[in-house]
1. With only Lys, Arg, Asp and Glu charged, each at its Cβ (+1 for the first two, -1 for the last two), find how big the charge dipole of chain A is about the Cα centre; round to the nearest 20 debye.
2. Go ahead and estimate [θ] at 222 nm for chain B from helices alone: -39,500 (n - 2.57) per DSSP H run with n ≥ 4, summed, over the residue count, rounded to 500.
3. With axes computed from alpha carbons, what is the tilt in degrees of helix B:140-152 against the longest principal axis of chain B, rounded to the nearest 10 within 0 to 90?
4. Which loop trypsin sites (Lys or Arg not before Pro) in region A:106-209, with loop taken from DSSP, have no more than 14 other Cβ atoms within 10 angstrom of their Cβ?
5. Per residue of region B:266-271, what does 6.51 cos²θ - 1.76 cosθ + 1.60 with θ = phi - 60° give for ³J(HN,Hα)? Whole Hz please, x for Gly and Pro, Karplus curve as stated.
6. Can you tell me the FRET efficiency between A:Ser339 and B:Arg61 if r is taken as the Cβ-Cβ distance and R0 is 30 Å, rounded to the nearest 0.05?
7. Could you check how many percent of all C-alpha pairs in chain B are farther apart than 37 Å?
8. Once you have the Cα-Cα distance between A:Arg99 and A:Phe388, take 0.36 nm times their residue separation minus that, and quote the gain in nm to one decimal.
Amino acid sequence: MSALAQRLRPWRAAWPLIPVLLFLGVVFLYPVGQLLMLSGLEKGTSVLTLAHYERLFTSNLYFRVLVITLETSAWCTFFAIVGGYPVAYLLATTSERRRNNLMIWVLLPFWTSFLVRTFAWIVLLGRNGAINKWLQALGLTDAPLALIYNFTGVMIGMSHALMPLAILTMVSVMENIDANLPRAAATLGARGGQAFWRIYFPLSLPGVAAAGLLVFITALGFFITPALLGGRLQTMITQIIITQVQELLNWAFAGAVSMLLLVTALIVFYFYDRALGMSTLAGETTTSQGGGRRNPIAAIAAWIGDILLGLIGRICDAVSIVYERLVPRPADRLTRQWSRTVLGVVAFLIIGFLAAPTFFIVPVSFTTDAFIEWPPKFYSMRWYDAYFDSPIWMAATVRSLVVATASAGLAMLIGAPAAFVLVRQRIMGKTAMLAFILSPLIIPRIIIAVALFYFYARVGLIGTSIGLILGHAVLAIPYVVVTVMAVLKNYDERLDQAAGSLGATPLRTLWHITIPLIRSGLVAAFLFAFITSFDELTIALFVSGGLATTLPKQMWDDALLKVNPTLAAVSTILLVFITIVILLAEYLRRRSVVR
Amino acid sequence: MTNAKHKLTVRDLRKTYGPVVALTEAAFDLEEGEFLTLLGPSGSGKTTMLMIIAGLIQPDRGEVWIDGKLATFAPSYKRDIGMVFQNYALFPHMTVYENIAFPLRMRNMATDKIRQEVGRVLDIVRLPQVADRLPRALSGGQQQRIALARCMVYRPSIILMDEPLGALDKKLRDQMQLEIKQLHTELGITALYVTHDQEEAMIMSDRICLMNEARIEQLGTPADLYFKPRTVFAAGFLGESNLLEATVEAVVGDRTTVKTPDGALVRAPTADGIAVGQAVKLMVRPERLALLGPADSADNVVEGTLDQVIMVGGVTKYYARVAGDRAVSATRLTLGPISGLERGQRVRLGWSADSTVLLTA
Ligand SMILES: Nc1ncnc2c1ncn2[C@@H]1O[C@H](COP(=O)(O)OP(=O)(O)O)[C@@H](O)[C@H]1O
Ligand SMILES: [Mg+2]
């Protein structure tokens with residue numbers, strides 16, 4: 001065999017990567033590149049210009065919007081982490097059964113449409129919303145508080161929207177922390193406070209950082225919550241892009257703003273990578289690499305952190321010592337640790353904050369009133385009738401189901417084989433390829449949406465279901481690849497080798513051994529992809545071109561006119577649908593564990 | 001209190017996980033300076049016992065006394081015990097120095113003193129050069145020694161070790177066994193050690209606590225357990241054993257006579273609670289069985305057919321069928337090439353009355 005053929009051999013085994021790379025190249029890389037290039041050209045020509053960027057940087061407006069965007073994202077990240085940490089900690093340290101039960105209440109909001117959850121907050125926070133009504137009924141306030149159409153509303157809505165993401169990210173790191181480490185600390189003489197702050201907390205920091213990064217980047221591209229729950233002062237950068245494209249058709253300027261957003265995101269990534277390394281994103285707990293700590297800055301930071309954490313630990317322990325003086329813990333019978341009790345209560349309240357609001361949408365959907373008000377006036381099915389009798393709503397629903405199924409199927413078809421290769425073959429440039437496949441997750445979605453709009457406009461895919469399916473597949477592929485890779489990493493490859501040694505061809509091995517064993521993982525990947533598309537608004541907003549609306553797009557259009565009880569009815573139906581899907585997934589998962 | 005004399009006393013411990021009984025009716029005393037090993041197959045409740053003593057798991061019932069003080073539900077950090085975990089549980093984000101200094105810092109020791117103490121134990125485990133490394137940059141054996149150093153540095157009154165050598169390869173394990181044993185003797189540590197390896201237990205322990213199915217099967221010195229096992233399980237777990245069914249014929253003073261199914265009479269030392277007519281098992285170690293020549297005699301003799309002769313280097317093993325077709329083996333030193341023995345040949349096997357053990361359970 002020639003040297004070249006030898007060198008190419010691993011690549012022959014890597015052919016399943018080709019469809020996914022081609023697909024993302026055409027439907028993702030090319031359009032995004034085109035859009036960004038557009039920002040440097042004079043309108044309608046191929047003459048280079050900096051005019052769009054000049055406008056961007058000379059106008060005070062865009063700078064202010066950028067600052068607002070960064071500020072809002074930073075606060076939202078802060079709240080999502082601070083609120084999410086106790087829940088993640090409880091989930092990671094409690095018994096398996098309790099974790100599974102609690103996890104459902106975190107997953108439910110995670111999977112529920114942003115739109116539905118935002119509507120729920122309108123029901124709760126509005127002038128005539130539930131909270132204001134209760135406050136007045138209790139006599140705590142005379143006039144309604146302004147909880148909505150301002151910073152408070154945006155913050156509540158966005159923290160609520162992103163906290164589940166923070167929790168799931170942190171849990172994935174915390175689960176990998178050896179439970180014996182805090183135990184070891186206890187036997188070495190550390191009280192609860194020291195054991196937590198000096199041992200557990202530092203080890204969970206990569207999870208906190210990864211969660212912070214994901215929440216921050218996702219928040220940067222938010223527009224649903226600020227648009228529906230914020231006021232004019234909470235306009236975020238994505239809303240600017242939407243206005244530029246939808247109302248002014250100013251592609252080039254939209255491209256420039258997109259570039260600004262992208263660069264901001266990349267800068268955040270750069271600093272994250274410098275500080276912690278990207279591998280923490282994959283849920284690995286990394287501590288400083290190699291031997292000792294050589295970098296002096298890192299050493300000083302570690303030293304300060306050490307003192308700080310030690311101090312917090314001591315304060316916690318001082319509290320517990322005082323508490324034990326007052327309520328001694330006897331050695332002859334079991335007493336509950338008060339710190340666990342506090343944790344339980346706090347986590348319970350936060351999970352309540354995450355799971356409960358959505359259900360307020362349900363009673364509102366049965367109101368007889370023509371608008372959303374608390375308490376709803378019972379009882380009427382008119383809003384459900386309005387939904388089921390409306391050809392527009394029905395068409396949107398059917399389209400969403402079709403598009404979600406097709407795009408999830410497409411993502412599985414080209415994503416899952418790629419995951420196999422990425423896990424099992426040793427090929428050059430694997431990390432780079434993985435980074436490329438995952439980049440649709442990292443690049444703000446609005447940029448993909450606008451880029452696809454521009455691209456589709458020229459190839460005639462605007463307003464078609466095909467266009468939606470292709471676009472949603474771009475977003476679903478990273479989820480599919482990550483999920484299938486995670487499943488395959490835990491799969492014992494010797495099973496396949498055993499099948500091979502027993503005479504099975506690779507294809508039959510795949511069909512009879514591998515796929516049945518990883519079926520629940522594949523189902524999860526499909527559901528992930530399905531929901532990603534089913535809940536997707538950004539791409540639909542542009543690509544559907546006002547013709548082929550999907551359910552979220554229809555809800556958005558309706559909400560912009562007026563948030564009305566039909567939306568509550570649709571939301572309730574969605575909520576029931578999502579709950580069934582989650583319970584089904586959970587049931588399948590538990591069954592596959594028992595087997 | 002009678003418990004005051006002992007370093008550690010556990011009484012009637014029980015722990016269940018739902019329907020699973022992890023530990024029950026566990027009781028023993030540990031003396032100052034003693035090396036006691038919990039030995040038993042995987043899942044026999046060894047870790048559970050250790051965790052309860054360390055205060056990391058709460059028992060359903062029973063008591064733990066440490067240094068004469070009741071500590072059943074006392075928090076770990078107040079127990080003054082040290083524990084070496086099976087996977088070492090070194091803090092991955094701290095250097096070796098910081099790991100070892102941790103318990104001292106928790107005791108608010110002055111920095112100078114800490115440096116001195118950490119240096120001292122690093123010398124003891126012969127790893128002074130790794131202080132600034134992170135645990136992951138150490139080999140398995142080095143990590144093991146650092147875990148030991150971290151545990152010794154604050155001079156806990158008892159050191160608990162849960163299969164501390166389980167993750168090491170055979171050669172390193174043999175070496176570490178001797179090192180730990182030596183440290184124990186030199187420093188006068190009181191140690192409670194866990195292993196599932198009977199050889200390791202025999203090498204290291206003053207006493208062995210044999211565990212099986214969540215219970216203590218037998219507790220005694222290695223010699224006790226080897227020469228006077230009280231149960232079939234104990235006989236089988238430590239070393240090899242030949243077991244034959246038998247019925248008690250007569251009990252006269254310190255000698256008991258039993259009869260095997262094929263009618264041979266076997267004499268043995270009288271065991272507790274033996275009554276005439278009772279069905280028992282008689283146990284003889286293979287190395288106590290001799291192949292008798294036509295002129296030889298022994299206290300106990302059975303006849304059988306030779307099955308196989310296998311030379312295993314320094315020893316040769318003889319497998320025979322006796323008394324109702326049961327297989328027994330005899331192990332003799334290999335003194336020269338074997339000749340004149342063939343498969344199917346009738347042989348006489350003999351052993352002394354004193355090397356016979358009667359088992360009722
Ligand atoms: N956290 C737990 N939940 C349920 N069962 C457990 C748990 N820990 C131990 N067990 C069970 O208790 C028994 C004793 O376990 P363990 O003490 O770990 O045994 P050993 O250390 O001797 O291998 C085993 O059957 C084990 O499955
Ligand atoms: Mg164990």
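1. Using Cβ point charges on Lys, Arg, Asp and Glu, chain A gives about 1380 debye.
2. My calculation for chain B gives -7000 deg cm²/dmol from helical runs alone.
3. Helix B:140-152 and the main axis of chain B meet at about 70 degrees.
4. A:Arg127
5. Karplus-based 3J(HN,Hα) across region B:266-271 equals 10, 9, 8, x, 5, 9 Hz.
6. Efficiency, from the Cβ-Cβ distance: 0.75.
7. The proportion of pairs with Cα distances above 37 Å equals 35 percent.
8. Between A:Arg99 and A:Phe388, full extension yields 100.2 nm more.
The values are calculated or read from the model by the stated rules, or taken from the named source; none is laboratory data. This one's a predicted model, so the numbers in the text were calculated from it and none came from an experiment. Ideal geometry is used to build each Cβ from the backbone, glycine not excepted, and the neighbour counts take in all protein chains shown. The protein model used for the area step is the full one, side chains on, heavy atoms only, and it has no ligands, DNA or RNA in it. Shrake-Rupley method; radii C 1.70, N 1.55, O 1.52, S 1.80 Å.
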